[in-house]
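The next block holds one structure in the form of structure tokens; read it before the comments.
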Amino acid sequence: MSSQRRGELAILAAAFLFGSTFVVMKSAVESAEPVPFLSARFLLAALVLAPIAWKRSASPRLWQDGALAAAALGAGYVFQTVGLQYTTGSVSAFVTYLFVVLVPILSALLLHHLPSRPTVVGLVVATTGLVLLTGGAGSLGRGELLTLGCAVCFAFHVVILSVVAPRHDPWRLTAVQLLLVGAVLFVPGLFQGGYGFGITPWVAAVYTAVAASAAALGLQTWGQRLIGPTRTALLLLVEPVSAAFLGYAVGDRLGLPGLVGAVLILTGIAIAEVTPARPAVGEPAD
């Protein structure tokens with residue numbers, strides 16, 4: 001199997017695992033505050049990865065690069081998890097996934113190139129889908145706005161990883177990100193509900209720590225080194241689809257306008273990826 005194919009399979013597996021967490025997190029934040037829940041989740045994930053990560057060779061600037069990626073990752077998860085208190089898991093997944101449209105735009109801006117025409121068209125289509133998904137421009141609620149902030153942060157995270165991931169062992173870099181996010185959120189978590197939440201949030205924290213924060217993020221970091229950020233973003237399309245199926249199973253209903261909006265978001269994402277952004281120096285071509 002070629003390295004590109006292995007990278008693609010890794011990203012697809014990561015996307016499915018990420019998508020499976022929306023329903024679990026939605027249930028968890030009904031009885032636990034987002035910040036302590038996230039701190040517990042990320043610290044548990046760092047603990048899970050520690051035996052693997054610290055056997056790998058260290059590299060220069062690991063902690064600096066890890067801190068940069070962790071800042072975007074942690075901010076994104078705070079926005080997303082707080083937003084889940086005000087919207088459904090299915091809506092959260094599709095709004096979150098708008099980060100895919102933002103990735104080539106951010107990449108183009110950082111490289112001082114204008115976005116391609118398909119990217120602009122895709123952004124317009126996806127934004128139209130967002131309006132339908134949320135019931136109209138005037139109905140964009142607190143949950144959707146917070147989740148839009150998450151999408152922006154996650155887009156920065158993908159772009160940052162495209163630069164820093166090739167420099168480091170993927171599992172060691174992932175562990176550093178998890179540890180830093182969990183540690184930074186630990187003290188604020190003490191003042192925002194603490195860690196005495198019930199069994200359901202703790203089970204959710206363990207599942208999301210292992211399935212998403214450790215396994216899926218590690219797979220994304222490893223796979224993106226092989227296929228680049230634009231194709232990574234496109235393959236992560238599996239994430240909101242799997243989240244929607246699981247959400248439907250537990251009673252989430254988008255309704256006809258919401259369903260059309262979700263399809264338009266996915267269509268816009270696909271259009272945006274028709275013409276991949278020109279890769280940066282040292283970045284794998286898509």
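In the set Arg5, Arg56, Arg41, Arg61, which member is within 21 Å of Arg231 (Cα to Cα) and basic (Lys, Arg)?
Every option except Arg5 fails the conditions.
Being crowded, with 23+ Cβ neighbours inside 10 Å and of a type in the set (S, T, N, Q) is the filter here; which residues of region 1-33 pass it?
Thr21
Counting residues that are hydroxyl-bearing (Ser, Thr, Tyr), within 18 Å of Val23 (Cα to Cα) and without any contact (Cβ under 8 Å) to a residue 40 or more places away in the chain, which helices (runs of 4 or more DSSP H) fully inside region 134-227 reach at least 3?
Once the helices (runs of 4 or more DSSP H) in region 134-227 are filtered for at least 3 residues that are hydroxyl-bearing (Ser, Thr, Tyr), within 18 Å of Val23 (Cα to Cα) and without any contact (Cβ under 8 Å) to a residue 40 or more places away in the chain, nothing remains.
Taking only region 34-62 into account, find how many residues are of a type in the set (Val, Ile, Thr) and loosely packed, with under 15 Cβ neighbours inside 10 Å.
0
Considering only region 48-68, I want to know if a residue exists there that is under 16 Å from the mean Cα position of the chain (by Cα) and either among the basic types (Lys, Arg) or assigned to a loop (DSSP other than H, G, I, E, B) (or both).
Scanning region 48-68 turns up no residue that is under 16 Å from the mean Cα position of the chain (by Cα) and either among the basic types (Lys, Arg) or assigned to a loop (DSSP other than H, G, I, E, B) (or both).
Conditions tested, residue by residue: (1) at pLDDT 85 or above; (2) buried (at least 22 other Cβ atoms within 10 Å of the Cβ); (3) closer than 22 Å to Thr127 by Cβ.
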residue	(1), (2), (3)
Val206	yes, no, no
Leu217	no, yes, no
Thr221	no, yes, no
Glu239	no, yes, yes
Gly268	no, yes, yes
Gly282	no, no, no
Ala285	no, no, no
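Since Ala32 meets every condition but one in (1) farther than 25 Å from Val95 by Cα; (2) outside any helix (DSSP H, G or I); (3) in contact with a helix residue (DSSP H, G or I) (Cβ under 7 Å, 6 or more places away or on another chain), which condition does it not meet?
(1)
Looking at Val103 and the list (1) surrounded by fewer than 20 Cβ atoms within 10 Å (Cβ to Cβ); (2) within 21 Å of the chain's Cα centre (by Cα), which single condition is not satisfied?
(1)
If only one of Leu148, Leu140, Leu132, Leu180 is at negative phi, more than 16 Å from the chain's Cα centre (by Cα) and modelled with pLDDT of 90 or more, which one is it?
When all the criteria are applied, what remains is Leu180.
Would you confirm whether or not region 62-69 contains a residue that is closer than 30 Å to Phe245 by Cβ and either of a type outside the set (Ser, Thr, Tyr) or without any contact (Cβ under 8 Å) to a residue 40 or more places away in the chain (or both)?
So far as region 62-69 goes, yes, one or more of its residues are closer than 30 Å to Phe245 by Cβ and either of a type outside the set (Ser, Thr, Tyr) or without any contact (Cβ under 8 Å) to a residue 40 or more places away in the chain (or both).
The values are calculated or read from the model by the stated rules, or taken from the named source; none is laboratory data. What you are looking at is a predicted structure, and each value in this text was computed from that prediction instead of being measured. Note that we place each Cβ from the backbone using ideal geometry, even for glycine, and neighbour counts take in every protein chain shown.
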